[in-house]
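Below is one structure, written out as structure tokens; comments come after it.
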Amino acid sequence: QVQLAESGGGLVQPGGSLRLSCVASGSIFSGNRMGWYRQAPGKQRELVATISFEGNTDYADSVKGRFTISRDIVQLAVYLQMNNLRTEDTALYYCNLNQVTPPLRERTDVWGQGTQVTVLS
């Protein structure tokens, strides 16, 4: 069983910073991609940032230049440094792990429970 443990959410003023952490445990395979998604009330879940096993990154346009995703392969962890936070960033942030598992090479998604980020208006 794969589990994702998230932390780092909180309440901040506009312009403030937070650092989200996610540590994976269980059956983790090489080639996996990890990332962060978020969902605000009344809106669909959207991609924030992802990072591949090789270190390639992908960001939503709304967070480019403000957020930075990184990972620690040995620790099976992914981080999201969030700077210059805006009210519009308020959402429940979910850690995600996407990988192919043996023996049938099934592609699976595992989600964390979510950590709340609230930027005061």
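The values are calculated or read from the model by the stated rules, or taken from the named source; none is laboratory data. This is a predicted model, so every value here is computed, not measured. Backbone-built Cβ (ideal geometry, glycine too); neighbour counts: all protein chains shown. In case anyone asks, the SASA skips ligands and DNA or RNA and just uses the protein heavy atoms, side chains included. Shrake-Rupley method; radii C 1.70, N 1.55, O 1.52, S 1.80 Å.
In the range 64-71, the count of residues that are on the phi < 0 side of the Ramachandran plot, of a type in the set (Phe, Trp, Tyr) and in a loop (DSSP other than H, G, I, E, B) is zero.
Go over the candidates Val78, Val48 one by one and state the one that is part of a strand (DSSP E or B), surrounded by 14 or more Cβ atoms within 10 Å (Cβ to Cβ) and in contact with a helix residue (DSSP H, G or I) (Cβ under 9 Å, 6 or more places away or on another chain).
Val48
If you filter the range 29-45 down to residues that are within 11 Å of the chain's Cα centre (by Cα) and under 14 Å from Ser62 (Cβ atoms), you find that the one that is most open to solvent (accessible area, probe 1.4 Å) is Tyr37. Of everything in the range 101-121, what is open to solvent by less than 80 Å² (accessible area, probe 1.4 Å), part of a strand (DSSP E or B) and modelled with pLDDT of 90 or more? Give them in sequence order. Listed by number, the residues that qualify are Thr108, Val110, Thr115, Val117, Thr118, Val119. Among the conditions (1) closer than 19 Å to Ser7 by Cα; (2) touching a Pro at 6+ places or on another chain (Cβ under 9 Å), Tyr94 misses just one, which is (2).
A quick yes/no check of all residues on (1) assigned to a strand (DSSP E or B); (2) in contact (Cβ under 8 Å) with a residue 12 or more places away in the chain; (3) among the polar types (S, T, N, Q); (4) surrounded by 20 or more Cβ atoms within 10 Å (Cβ to Cβ):
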site: Leu11; (1), (2), (3), (4): yes, yes, no, no
site: Cys22; (1), (2), (3), (4): yes, yes, no, yes
site: Ser27; (1), (2), (3), (4): no, yes, yes, no
site: Gly55; (1), (2), (3), (4): no, yes, no, no
site: Leu85; (1), (2), (3), (4): no, yes, no, yes
site: Cys95; (1), (2), (3), (4): yes, yes, no, yes
